[in-house]
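As structure tokens, the structure follows; a few thoughts come after it.
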Amino acid sequence: MVEEIKTSDFYFKIANGTSFVKFWGDFCGPCKSYAVNFSSFAKNNPNVNCYSVNAIEELEITDKFKISRIPVTIIFKDGVEIRRLDGIQTPAQLESNILWKIYDGKKPYIYIRK
């Protein structure tokens, strides 16, 4: 399930685990199309936190993460941005981002769907 979140609870929500956060806007046609894909992904991946942020209403978060176009999805691991996906993604494209390796300069992290 996709949960709509506000600035007031944003950091608390993304603090633990893997979170996919979709930024969107009411006026954005592609955002409406993407909502179906994102919801399908969320339904099929209950161990991943899936959130939605209205980029127009939540300007503090939009500015902090330098959102310049929508839709965009940011993947967070324990509150830290690890990847950004611009534009409409299919459920399969979103799912492929659960299984990938990132190196932070100190040690490798592998994120595997539970």
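The values are calculated or read from the model by the stated rules, or taken from the named source; none is laboratory data. Keep in mind that what you see is a predicted model, and the values were worked out from it rather than measured. With ideal geometry, Cβ positions are generated from the backbone for all residues, glycine too; neighbour counts draw on all protein chains shown.
In region 20-48, how many residues are out of contact with any helix residue (DSSP H, G or I) (no Cβ under 7 Å at 6 or more places or on another chain) and among the polar types (S, T, N, Q)? Qualifying residue count, region 20-48: 3. Of the residues examined, V2 is not one that is crowded, with 19+ Cβ neighbours inside 10 Å, in contact (Cβ under 8 Å) with a residue 40 or more places away in the chain and β-branched (V, I, T). Scanning region 58-80 for residues being surrounded by 14 or more Cβ atoms within 10 Å (Cβ to Cβ) and without any contact (Cβ under 8 Å) to a residue 60 or more places away in the chain gives a total of 11.
Among the strands (runs of 3 or more DSSP E) confined to region 9-114, the ones with at least 2 residues that are hydrophobic (A, V, I, L, M, F, W, C) and modelled with pLDDT of 95 or more are located at 18-24, 49-54, 72-77.
Residues checked against (1) aromatic (F, W, Y); (2) loosely packed, with under 13 Cβ neighbours inside 10 Å; (3) within 18 Å of L94 (Cα to Cα):
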residue	(1), (2), (3)
G17	no, no, yes
K22	no, no, yes
C28	no, no, no
N37	no, no, yes
A42	no, no, yes
N47	no, yes, yes
V53	no, no, yes
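Restricting the first member to region 19-43 and to residues that are within 15 Å of D86 (Cα to Cα) and of a type in the set (S, T, N, Q), and the second to residues that are modelled with pLDDT under 95 and crowded, with 21+ Cβ neighbours inside 10 Å, the beta-carbon pairs closer than 8 Å and six or more apart or on different chains are N37/L94.
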